[in-house]
Ligand SMILES: Nc1ncnc2c1ncn2[C@@H]1O[C@H](COP(=O)(O)OP(=O)(O)O)[C@@H](O)[C@H]1O
Ligand SMILES: [Mg+2]
């Protein structure tokens with residue numbers, strides 16, 4: 001906003017002209033009635049009158065506008081949180097002022113709009129959080145109250161209900177952890193620790209982690225081929241493990257009995273690798289795909305479905321991948337299966353390895 005404004009003399013120039021014309025006419029009439037009409041005198045008079053009017057009007061206008069307009073500028077500056085406007089320019093140019101104020105108003109409008117969007121987002125978020133927490137909380141409360149009501153006297157029921165309550169607490173912790181993660185990701189608090197690691201090994205360890213879960217539905221966790229040599233990538237290992245876990249867990253949760261979850265790792269372009277997690281599960285209808293990565297978005301809205309997630313899994317996945325400046329893709333056919341894939345940066349091979357690189 002601290003900009004040098006053009007001085008405008010238009011107002012003083014026009015006003016002085018009007019005053020001069022009027023006063024010269026009056027003077028002319030007066031001199032005429034006194035029979036003293038003298039062209040040179042009239043001419044001299046009009047020039048002097050014009051000059052005096054011009055100076056006074058310009059001076060007054062500048063003073064007046066300086067005080068008031070300056071205050072407007074200062075207020076605007078204050079609102080913008082910037083420094084104060086520099087002292088030199090005094091403007092009588094209303095057009096510049098109007099332009100500036102319009103610009104200011106437009107900026108404020110966009111700002112307010114984005115704040116409104118954020119506010120709805122926040123409200124929605126809070127609503128979703130409490131909704132997600134309520135279900136497991138009530139479950140736990142239900143079991144505990146039943147136990148307190150006397151059910152605890154039956155050792156069998158006691159153990160069963162305690163187990164169920166514990167499951168509910170586990171779920172609460174799981175949701176809170178997801179929330180914690182997403183908050184960190186969204187506020188940019190999460191610093192990535194880049195290392196070079198073998199992605200094949202990481203996928204294998206995620207398979208091992210969810211082997212039991214997969215076995216319950218008789219789902220096979222496999223690679224598309226036998227990866228004999230390591231494939232080194234450059235990323236945050238822990239976060240990528242989280243990505244893989246979320247994708248693999250989804251493929252199991254939304255997979256069919258006796259199904260398969262297959263992971264493939266391929267070269268994409270020179271310095272990129274693409275990891276695909278494919279399943280032959282229930283698939284996702286096209287209509288849901290654009291919103292899939294939104295927080296709390298779930299295809300099956302009824303929170304009571306057997307596979308209770310927080311709906312945050314894919315939002316976290318997307319955040320992590322984007323924090324790496326990589327891409328995530330999804331392809332899915334309803335009732336056929338889904339494929340989630342993401343890119344990673346390959347570790348540049350050293351010249352020594354280059355010779356054998358041709359064979360891979
Ligand atoms: N592999 C998949 N197959 C079918 N549907 C899936 C798959 N992965 C995710 N989805 C759908 O996307 C939704 C969002 O997934 P996610 O963010 O992980 O939430 P959550 O698993 O907690 O429900 C899920 O509710 C599910 O309907
Ligand atoms: Mg999930």
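The values are calculated or read from the model by the stated rules, or taken from the named source; none is laboratory data. Nothing here was measured: the structure is a model prediction, and the numbers come from that model. Every residue, glycine as well, gets a Cβ built from its backbone with ideal geometry; the counts of neighbours run over all protein chains shown.
What number of residues within segment 11-51 satisfy the criterion of being surrounded by fewer than 12 Cβ atoms within 10 Å (Cβ to Cβ), modelled with pLDDT under 90 and under 60 Å from the mean Cα position of the chain (by Cα)?
Qualifying residue count, segment 11-51: 0.
Give the residues of segment 211-227 that are touching a strand residue (DSSP E or B) at 6+ places or on another chain (Cβ under 8 Å) and touching a residue at least 40 places away in the same chain (Cβ under 8 Å), sorted by residue number.
214, 219, 220, 221, 222, 223, 224
Name the pairs: first residue in segment 310-333 and free of Cβ contacts under 8 Å to residues at least 40 places away in the same chain and in the same structural domain as residue 282 (by TED's automatic domain parsing), second residue within 16 Å of ligand 2 (Cβ to nearest atom) and in a loop (DSSP other than H, G, I, E, B), Cβ to Cβ under 6 Å, at least 6 apart or on different chains?
318/293
Here is a yes/no grid of residues against (1) within 16 Å of ligand 2 (Cβ to nearest atom); (2) in contact with a helix residue (DSSP H, G or I) (Cβ under 9 Å, 6 or more places away or on another chain); (3) at pLDDT below 95; (4) assigned by TED's automatic domain parsing to the domain that holds residue 172:
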{"site": "263", "(1), (2), (3), (4)": "no, yes, no, no"}
{"site": "268", "(1), (2), (3), (4)": "no, no, yes, no"}
{"site": "291", "(1), (2), (3), (4)": "yes, no, yes, no"}
{"site": "297", "(1), (2), (3), (4)": "yes, yes, yes, no"}
{"site": "335", "(1), (2), (3), (4)": "no, no, yes, no"}
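For residue 184, indicate whether it is within 16 Å of ligand 2 (Cβ to nearest atom) and closer than 24 Å to residue 310 by Cβ.
no
Could you check residue 56 against (1) out of contact with any helix residue (DSSP H, G or I) (no Cβ under 8 Å at 6 or more places or on another chain); (2) modelled with pLDDT of 80 or more; (3) not in a helix (DSSP H, G or I) and say which number it fails?
(3) is the only condition that residue 56 fails.
Check segment 307-315 and report whether any residue there is on the phi > 0 side of the Ramachandran plot and either away from ligand 2 (no atom under 16 Å from the Cβ) or modelled with pLDDT under 95 (or both). Quick ask: steps written out before the conclusion?
At the first step, the residues of segment 307-315 found to be on the phi > 0 side of the Ramachandran plot are 311.
Okay, now just the ones that are also either away from ligand 2 (no atom under 16 Å from the Cβ) or modelled with pLDDT under 95 (or both), so 311.
Within segment 307-315, one or more residues are on the phi > 0 side of the Ramachandran plot and either away from ligand 2 (no atom under 16 Å from the Cβ) or modelled with pLDDT under 95 (or both).
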